[in-house]
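The values are calculated or read from the model by the stated rules, or taken from the named source; none is laboratory data. Everything numeric in this text was worked out from a predicted model, so none of it was measured. Reconstructed Cβ throughout: ideal geometry from the backbone, glycine too, with neighbour counts over all protein chains shown. Accessible surface is based on the protein model in full, side chains and every heavy atom, while ligands, DNA and RNA are left aside. Shrake-Rupley method; radii C 1.70, N 1.55, O 1.52, S 1.80 Å.
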Amino acid sequence: AGRQGSLASPFAASSLAVLDDLGVVAVGTSEGRVVCYALDALLASAEAADSAPAEPLYSFRAHEPGISRAASEEFNNPIFCGSSLAGVTAMFSAPASTSPYHQGSGDMAMDPSLPGATVLLTGGADGVVKQWELFNSAPTTDDDDDDDDDDDKSKSKSAAAPKLRHFPQMASQKLRRRVCTIRDAHGGAPVVAVAGDNSKIVSASAADGT
């Protein structure tokens with residue numbers, strides 16, 4: 001499940017992707033989580049030497065924590081099943097074809113199934129490739145009921161800021177007309193690179209050389 005707020009710090013970052021349309025940097029960790037930061041907050045924190053570290057906007061469990069559970073002797077390059085690869089080991093995001101960040105027909109595009117969402121691909125040391133969609137929830141309003149007896153008096157409303165969310169959140173949920181999970185993409189070997197567009201998802205593993 002996802003959550004707002006800060007995480008235990010420090011954590012070991014193992015991969016990274018920029019989600020331009022959301023203004024978010026997603027960081028994969030060796031604990032198997034995706035931790036999301038506001039790009040503006042990261043830049044501000046980096047520019048000011050005395051500023052506090054940027055607080056994460058959101059995080060969710062994407063893969064199993066730790067290193068590959070596959071038997072390393074089964075692969076051509078068993079060293080790449082070692083402890084240097086753990087949790088979320090690869091990430092990729094491309095803007096939608098309608099996004100202002102999409103430069104043209106020659107660039108890869110990944111159109112989401114959910115309106116306003118951005119597609120994120122992740123690969124893990126668990127040998128699994130997953131597809132997610134991240135989006136900002138719709139703003140809500142809170143009614144201020146200071147005077148319940150006066151029906152003619154309009155109620156003041158304050159808009160709550162949208163919050164970052166991800167989908168699917170449970171194993172039973174599926175993206176419409178999208179592949180959500182590719183298990184044992186490389187026989188269980190850690191995934192070291194992943195990419196995709198509207199027609200395909202491509203992954204690579206150094207352990208099996210494919």
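Things to note:
- Check on Val129, modelled with pLDDT of 75 or more, under 20 Å from Glu64 (Cβ atoms) and open to solvent by 60 Å² or more (accessible area, probe 1.4 Å): no
- Taking strands (runs of 3 or more DSSP E) as the structural unit, those lying wholly within region 156-210 and holding at least 2 residues that are at pLDDT 85 or above correspond to 164-167, 193-196, 201-204.
- Members of region 49-70 found to be at pLDDT 90 or above and open to solvent by 80 Å² or more (accessible area, probe 1.4 Å), listed by number: Arg61
- Within region 32-48, the residues that satisfy the criterion of being in contact with a Ser or Thr (Cβ under 9 Å, 6 or more places away or on another chain) and either more than 22 Å from Ala90 (Cα to Cα) or open to solvent by 80 Å² or more (accessible area, probe 1.4 Å) (or both) are Ala44, Ser45.
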